[in-house]
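Q: There's a structure below that I have some questions on.
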Amino acid sequence: MSDQVKGLLITFFGVLFVVPDSLFVRLIDADALTVAFWRLLLSGGLTATWVLVTGGTAPFRAVLRTGRYGLIYMIGVGASGVLFVLAVSLTSVANVVFIIASLPIFAAIFSRVFLFEPFSRRTLLTIAAVVPGLAIIAYGSGETDHASLAGDLLALGVSALFAAALTAARHARATSMVPGVAMGCLLAALCILPFTQPFSVPPEQAPLVLAHGGFILFSSVLLAIGPRFITSAEVGLLVLLESVFAPLLAWAVIGENPGSYAVVGGSIVIGALFISNLVLLMRQHRIKRRAL
């Protein structure tokens, strides 16, 4: 099996494990911050255990040595984890995943501002297409059940925060940030603990809470490993699958209709990002062929 095929398969399964994330938030019978606490504690704790077993404490020290970049990464991961749960509790699953799909746009903006990388024409055209799609989703929040502008804004915050984390990780690309995921999640769980009721979750839902943490663990590990073997364009195309599957899963399991505005706006966002990543992938293949 070639490295590319291996990377595609690992990343694909990483995306599949993250698809039920928003559905778990809906199914667990507790307030949003309590769900966020258990999500962060379990995913962070399990990831930390995996890192300790496979690499000891050295990977954690390596992240801390990156200084402010590691700190930005941990804050971005932890804070976005809290806002994600709050967003899902306030607006529709479709709105959340479609808005979070705009993450590459924020990443491009942050890379321009902080890493001084110029905007390509492809990026500018993608932004020009994605922004109206997000506007349609936001406009429809007042017309659709289970949707709200407040939740949409929180989802936008998730996208911006995680994009900031990824930008920091790119600046410290020589260091694996998987330990940073664990530390960021655990720190965020500790910060929100005073505002939660951890033991208010019904005992019969414990397997659901554990499964939620397990799914996040597997997705985090697989999505940290898979992209090492494939291009960013291929990763971008595969990650878009979550934006398609998550609303369908919520619709099938809990009957949450995404609404026509979310479908139209989301289609514009996903379509623009799909075309953008496809163009980038084709360009990279042409460059490879010329180099041979």
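Only the coordinates and a few stated rules stand behind these numbers; no lab work does. Bear in mind the structure is a predicted one, so any value in this text is a computation, not a measurement. Glycine also receives a Cβ, built like all others from the backbone with ideal geometry; neighbour counts cover every protein chain displayed.
Q: With the chain treated as a Gaussian network of Cα nodes joined by springs under 10 Å, which of Gly214, Gly271, Gly55 yields the largest mean-square fluctuation?
A: It is Gly55.
Q: What is the percent of Cα-Cα separations in the stretch 3-291 that go past 29 Å?
A: Every Cα pair in the stretch 3-291 considered, those over 29 Å come to 32 percent.
Q: Pop a pseudo-label 7 angstrom from the Cα along the beta-carbon direction at both Phe195 and Val279 and give the gap in nm to one decimal.
A: 4.0
Q: Taking +1 at the Cβ of each Lys and Arg and -1 at the Cβ of each Asp and Glu, which of Ala79, Gln284, Phe215 sits farthest along the dipole of the chain towards its positive end, judged by Cα position relative to the Cα centre?
A: Sorting the options by dipole projection puts first Gln284.
Q: Still on this structure, please answer the following. If each residue's Cβ is checked for other Cβ atoms within 10 Å, how do Ser92, Ser141, Ser120 rank with the fewest at the top?
A: Ranking Ser92, Ser141, Ser120 by Cβ neighbours within 10 Å, fewest first, gives Ser120, Ser141, Ser92.
Q: Given the -39500 (n - 2.57) contribution per DSSP H run of 4+ residues, what per-residue ellipticity at 222 nm results for the chain, rounded to the nearest 500 deg cm²/dmol?
A: Calculated at 222 nm, the ellipticity per residue is -26500 deg cm²/dmol.
Q: Next up: For a quick check, take a GNM of the chain with Cα springs below 10 Å and name the residue from Ile137, Ile230, Ile109 with the largest mean-square fluctuation.
A: Of Ile137, Ile230, Ile109, the Gaussian network model singles out Ile230 as fluctuating most.
Q: For a quick check: sort Met177, Met183 by the number of other beta carbons within 10 angstrom, fewest at the front.
A: By the 10 Å Cβ count, ascending, the order reads Met183, Met177.
Q: Oh, and also: Can you tell me the FRET efficiency between Asn257 and Arg173 if r is taken as the Cβ-Cβ distance and R0 is 35 Å, rounded to the nearest 0.05?
A: The calculated FRET efficiency here is 0.25.
Q: Related question: I want to verify a result. In a Gaussian network model of the chain, Cα cutoff 10 Å, which of these has the top mean-square fluctuation: Arg68, Arg39, Arg121?
A: Arg121
Q: If you add up the charges near Val97, with Lys and Arg at +1 and Asp and Glu at -1, over every other residue whose beta carbon is less than 13 angstrom from its beta carbon, what do you get?
A: Taking every Cβ under 13 Å from that of Val97, the sum is -3.
Q: Still on this structure, please answer the following. Is any helix in the chain, taking whole DSSP H runs, at least 18 angstrom long along its axis by alpha carbon and on average at least 0.0 on the Kyte-Doolittle scale, and which ones?
A: The answer, listed by residue number, is 3-18, 32-55, 68-90, 121-140, 149-171, 178-192, 206-225, 232-254, 260-291.
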